[in-house]
Every structure is written in structure tokens, then in C-alpha cells.
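**Q** Sharing a structure, written as C-alpha cells. Questions coming.
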Amino acid sequence: PRPADLEDRLVALRQVLYLMFTEGHTASSGDELARVDLSAEAIRLTRQLRESAPDASGETTGLLALMLLTDARRSARTDAAGALVPLDEQDRSRWDRGMIEEGVALVTEVLDRAPIGPYQLQGAIAAVHDEAASTDETDWIEILGLYDLLERMAPGPMVTLGRIVALAMVQGPE
């Protein structure tokens, strides 16, 4: 694209990649909860985008980190019968530590050098969850602060819900 169109095109491309990843992470149809082929392809394409446009990669790097940190939990998301396991009940020893380390390194690096965007904030939230040894050891105050920023930057019902959960974990259910 022409230089004047590049940022708008990158925004749209990142949205498509995230939708592709989301469909792979939680399939809207079929017998399986996840479509690993789709989420893996979304991660591959996001890596390729990041490598091809390194100067404009703040949000792309944040998106890649978010995908890695989310996908790292895949093996613990379901039980033996295929039923969904809530995050606070997942066996964290089944999480992919290599993906977590890569995702944390990416989000840490990008937050230090690029203007903050929604994917970076979501990646940072995922990193706080993934680094905690348990739900009780999660830094809910940090997560609440990140959701406060995300709500100002990219408000929406899922952001509001995430913020409410974090607020309840910090201040109690009242």
C-alpha cells in the first residue's frame, strides 16, 4: 500500500489476524473447542507481519505476545471429557512455559519502546496471568490498572467485564 494508507491497512490486518486466532482458540462450530490449525496459522502470519514491518510493529508485537500468551494455556483449557476448564481451575503446570517466556519478553520489550495500544495492554494482562503461580498469587492490582487503561483506549463489553472481575478480585464482590 501507499505510505499514507499503510497504518489503516495494518490496523485492519491485525484485526483479521486476531479474529482468525480467536476462531482457532474457541471454534464457533465443530466438535472441538479449538482449531489449532487456525490459531497456529494466525500466529505464523503475525510473526511474518512483525518481521516485514519492524518499524510499525508496536501493536503487531503486542498482538503476537497476546496470541502466544493465550495459546500457551491451550492444553489446560479442557478436561479429559473436553469440557472447558475456567482459568482459575487450570493446571498451570500444563501451560507452555516456552510460549509464556516468549510472550512476556515480547510484551516487555514493546512496552518499553512503542506507543501503548490495545493489543499491547491485552498482552500485558495475559502476561500477568501467565506469570502467576496461581489465581491467588495473581497481581490483580496490576491487572485492574491495565484494564483501566484499556477501557479508556478501547472500551467494549469484554473489556468492561474483565475490569469488573479484576475490580472484584481487588476490592471484593461488593
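**Q** Counting each pair of different Cα atoms once, what's the Kirkwood radius of the stretch 51-104 in Å, rounded to one decimal?
**A** About 12.3 Å, per the Kirkwood formula over Cα pairs.
**Q** With the alpha-carbon atoms as the only input, what is the per residue convex hull volume for the stretch 58-161 in Å³?
**A** Cα-based convex hull of the stretch 58-161, divided per residue, equals 98 Å³.
**Q** For the stretch 44-174, which whole percent of the accessible surface, found with a 1.4 angstrom probe, sits on carbon and sulfur atoms?
**A** Answer for the stretch 44-174 is 55 percent, counting heavy atoms of protein chains only.
**Q** Another question about this same structure. As I understand it, the dipole of the chain uses +1 on the Cβ of Lys and Arg and -1 on the Cβ of Asp and Glu, about the Cα centre. Which of L144, A65, L45 lies farthest toward its positive end?
**A** Value: L45.
**Q** Per residue, how much accessible area does the stretch 110-174 show when a 1.4 Å probe rolls over the protein heavy atoms, in square angstrom?
**A** Using a 1.4 Å probe on heavy atoms only, each residue of the stretch 110-174 averages 56 Å².
**Q** What does the accessible area of I116 come to, in Å² to the nearest 10, when a probe of 1.4 Å is used?
**A** Using a 1.4 Å probe on the heavy atoms, I get roughly 80 Å².
**Q** With a 10 Å radius around each residue's Cβ, average the other Cβ atoms per peptide and rank 93-99, 145-151, highest first.
**A** Taking the mean over residues of other Cβ atoms within 10 Å, the ranking is 145-151, 93-99.
**Q** Using only the heavy atoms of the protein chains and a 1.4 Å probe, how would T60, T26 rank by accessible area, largest first?
**A** T26, T60
**Q** Now for a different question. Mind grabbing the base-10 log of I(q)/I(0) for the stretch 111-174 at q = 0.17, 0.22, 0.27, 0.29 Å⁻¹? Debye formula, identical points on the C-alpha positions, no solvent, two decimal places.
**A** -0.56, -0.90, -1.21, -1.31
**Q** Two decimals is fine: what's Rg over Rh for the chain, C-alpha atoms, Kirkwood radius as Rh?
**A** With Rg and the Kirkwood Rh in hand, the quotient comes to 0.97.
**Q** Let me ask something else. Of the peptides 31-41, 11-21, how do they stack up when ordered by the mean number of other Cβ atoms within 10 Å, highest first?
**A** Output ranking for 31-41, 11-21: 11-21, 31-41.
**Q** For the peptides 62-73, 128-139, what is the packing order when you average, over each peptide's residues, the other Cβ atoms within 10 Å and list the highest mean first?
**A** My ranking of the peptides, most packed first, is 62-73, 128-139.
**Q** With the other protein chains left in place, how much accessible area per residue, in square angstrom, belongs to the stretch 15-98 at a 1.4 angstrom probe?
**A** 52 Å²
The values are calculated or read from the model by the stated rules, or taken from the named source; none is laboratory data. None of the values given here were measured: they were computed from a predicted structure. Please note: Cβ atoms are built from the backbone with ideal geometry, for glycine as well, and neighbour counts cover all protein chains shown. Each accessible area value is taken on the protein alone, full model and side chains, heavy atoms only, with ligands, DNA and RNA left out. Shrake-Rupley method; radii C 1.70, N 1.55, O 1.52, S 1.80 Å.
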